[in-house]
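Here's the structure, in structure tokens; my notes come after.
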Amino acid sequence: MSANASKINLLGLSPDKLEAFFEELGEKRFRASQVLKWIHQMGVSDFQQMTNISKGLRNKLEEIAEVRAPEVIQQWDSKDGTRKFLIRVSGDNAIETVFIPERDRGTLCVSSQVGCSLDCSFCATGKQGFNRDLSAAEIIGQVWLAAKSFGQLSENGPRKVTNVVMMGMGEPLLNFDNVVDSMTLMMHDNCYGLSKRRVTLSTSGVVPALDKLGQYTDACLAISLHAPNDELRNELVPLNKKYPIAMLLDSAKRYIDGLPDQRRKLTIEYTLIDQVNDRDEHAQQLTDLLKDIPVKINLIPFNPFGLSNYKRVSNTRLRRFQQILIDAGYTTTIRTTRGDDIDAACGQLAGQVNDRTRRSERYKIDMAALSSSQADVIPVKAIQ
Ligand code: SAH
Ligand code: SF4
């Protein structure tokens with residue numbers, strides 16, 4: 001489907017925004033629920049197929065609006081059932097979305113930005129630099145496309161996407177409004193109806209945005225920690241220099257405390273890199289650090305990629321690290337590597353970022369500004 005700049009794309013409008021859209025047209029607000037169901041539950045993009053809407057309104061919608069998802073360029077199926085979609089978004093960029101089937105659920109790993117400006121030392125997306133934020137239509141469009149590709153949206157089709165994790169390319173909290181609108185659509189009854197326990201936002205720790213997240217959503221939260229002390233985390237996650245561990249964990253704890261359901265826990269993600277953050281003492285420090293927070297810990301063996309010298313942790317180390325955490329009373333799981341034969345594993349997502357941002361050349365996180373700035377946005381320096 002080609003972009004039509006003059007038409008408004010209804011795919012990414014949150015229920016509130018779609019209601020306002022119909023109100024402006026002089027229509028009743030409930031039109032929004034009808035249209036949301038057609039778009040998100042039935043996968044319909046042609047207004048003429050929306051048969052519970054009058055012919056006149058359908059024609060009007062056709063004139064001024066559209067339902068436009070990004071386009072799947074290619075898809076790969078891993079031998080373990082994982083499916084990776086390469087999706088074209090405007091500006092000649094491509095992003096990646098990964099579907100991971102498990103026995104009792106199907107998780108879709110969704111991207112929030114084209115590239116990422118935060119430059120974590122172990123992440124393929126970070127190495128690509130940042131190009132731009134995805135629109136809400138491009139974010140929810142990934143769910144729409146995947147669900148459609150599995151037949152979820154046909155009335156009797158099997159429901160395959162049961163969980164969504166914002167763990168693809170990009171830092172979701174740096175694209176706050178579009179991510180929040182998309183998560184609202186994921187959880188809304190007239191749309192995908194996923195429960196708040198089945199939608200997870202993962203962040204490397206943009207504290208000011210995290211501080212306000214609770215006003216907009218009650219989705220699950222995962223913190224990409226990766227190190228038990230600031231010295232080490234500064235090396236792995238440069239953003240830590242601006243928002244150190246204590247500040248980040250405080251903010252995450254406030255988010256969890258604010259959730260209506262007290263049983264919910266914070267997920268701590270810890271990517272284990274050989275001889276970097278995998279020692280017994282790191283595990284012990286972690287047990288101390290997290291002792292006052294309700295957490296479950298997810299260990300992710302580092303997935304190697306071309307531009308990195310890091311190595312995957314050995315299985316013995318991985319088990320030993322896990323055992324220390326379990327012995328201290330933490331629920332600790334290991335994220336099995338899925339889809340690595342099609343480069344779909346965590347941190348291997350690179351898409352094809354149209355190079356506006358080779359870090360050292362054009363855009364980069366302005367580290368000087370990072371340490372001095374009080375702003376709640378990450379200073380990104382554009383070098384023309
Ligand atoms: N920007 C967000 C979400 C995307 S990254 C964040 O950082 O949380 C999703 C997860 O994959 C994060 O926990 C990230 O640290 C992890 N990850 C990134 N690169 C990885 C790699 N090479 N191997 C294993 N995990 C990686
Ligand atoms: Fe960005 Fe997350 Fe990768 Fe860090 S780990 S560079 S925050 S996508």
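Applying 1/(1 + (r/R0)^6) with r as the Cβ-Cβ distance of ASP327 and LYS17 and R0 = 51 angstrom yields a FRET efficiency of 0.55.
How much length is gained if the chain between LYS37 and SER6 is pulled fully straight, taking 0.36 nm per residue apart and subtracting their Cα-Cα distance, in nm to one decimal?
Using 0.36 nm per residue and subtracting the Cα-Cα distance, I get 8.7 nm.
Legend: residue pairs LYS17/LYS148; LYS242/LYS265; LYS17/LYS55; LYS212/LYS296; LYS148/LYS296, Cα-Cα distance threshold 30 Å; pairs beyond threshold, LYS148/LYS296.
In this Cβ point-charge picture (+1 for Lys and Arg, -1 for Asp and Glu), the stretch 71-365 has a dipole of about 300 debye about its Cα centre. For the stretch 10-17, backbone phi angles converted through the Karplus equation (6.51, -1.76, 1.60; θ = phi - 60°) give residue-by-residue couplings of 7, 4, x, 7, 5, x, 4, 5 Hz, Gly and Pro being listed as x. As a calculated quantity, the FRET efficiency between GLN284 and ARG335 at R0 = 35 Å, using C-beta atoms, amounts to about 0.95. Solvent-accessible area per residue in the stretch 71-365 equals 41 Å², computed with a 1.4 angstrom probe and all protein chains kept. Only aspartates and glutamates eight or more places from LYS127 in sequence, or on another chain, were considered; those with a Cα closer than 12 Å are ASP119, ASP355. Counting only Cβ charges, +1 for Lys and Arg and -1 for Asp and Glu, the dipole size of the stretch 86-147 around its Cα centre is about 60 debye.
With a/c under 1.5 counting as rounded, go ahead and sort the stretch 71-365 into rounded, prolate or oblate using the C-alpha gyration tensor (a ≥ b ≥ c being the square roots of the eigenvalues; past the cut-off, prolate if a/b is larger than b/c, else oblate).
Rounded shape, in that the Cα axes give a/c under 1.5.
Among the protein heavy atoms of the stretch 8-66, carbon and sulfur supply 48% of the accessible surface, probe 1.4 Å, non-protein parts ignored. Only the Cβ atoms of Lys and Arg (+1) and of Asp and Glu (-1) were treated as charged; on that basis the dipole of the stretch 216-304 about its Cα centre amounts to roughly 340 debye. Simple rule: put +1 on each Lys or Arg Cβ and -1 on each Asp or Glu Cβ in the stretch 71-365, find the dipole, and look at ALA222, SER90, ILE324; the Cα lying farthest toward the positive end is ILE324. In this calculation the C-beta distance from GLU24 to LYS241 is compared with R0 = 41 Å, giving a FRET efficiency of 0.35.
The mean sequence distance of close C-alpha pairs (under 8 Å, at least 6 residues apart), as a share of the length of the stretch 8-66, puts its relative contact order at 35 percent. May I ask you to list the residues of the stretch 316-335 whose amide nitrogen lies under 19 Å from a point 7 Å from Cα along the Cα→beta-carbon direction of GLU102? Hits in the stretch 316-335 for GLU102 at 19 Å: 319, 322-323, 326, 330-335. Stretching the chain fully between ASP230 and ASP77 yields a gain of 51.2 nm (0.36 nm per residue, less the alpha carbon separation).
The values are calculated or read from the model by the stated rules, or taken from the named source; none is laboratory data. Owing to the predicted nature of the structure, the values given are computational and were not obtained by experimental measurement. All Cβ positions, glycine included, derive from the backbone under ideal geometry; neighbour counts span all protein chains shown. In case anyone asks, the SASA skips ligands and DNA or RNA and just uses the protein heavy atoms, side chains included. Shrake-Rupley method; radii C 1.70, N 1.55, O 1.52, S 1.80 Å.
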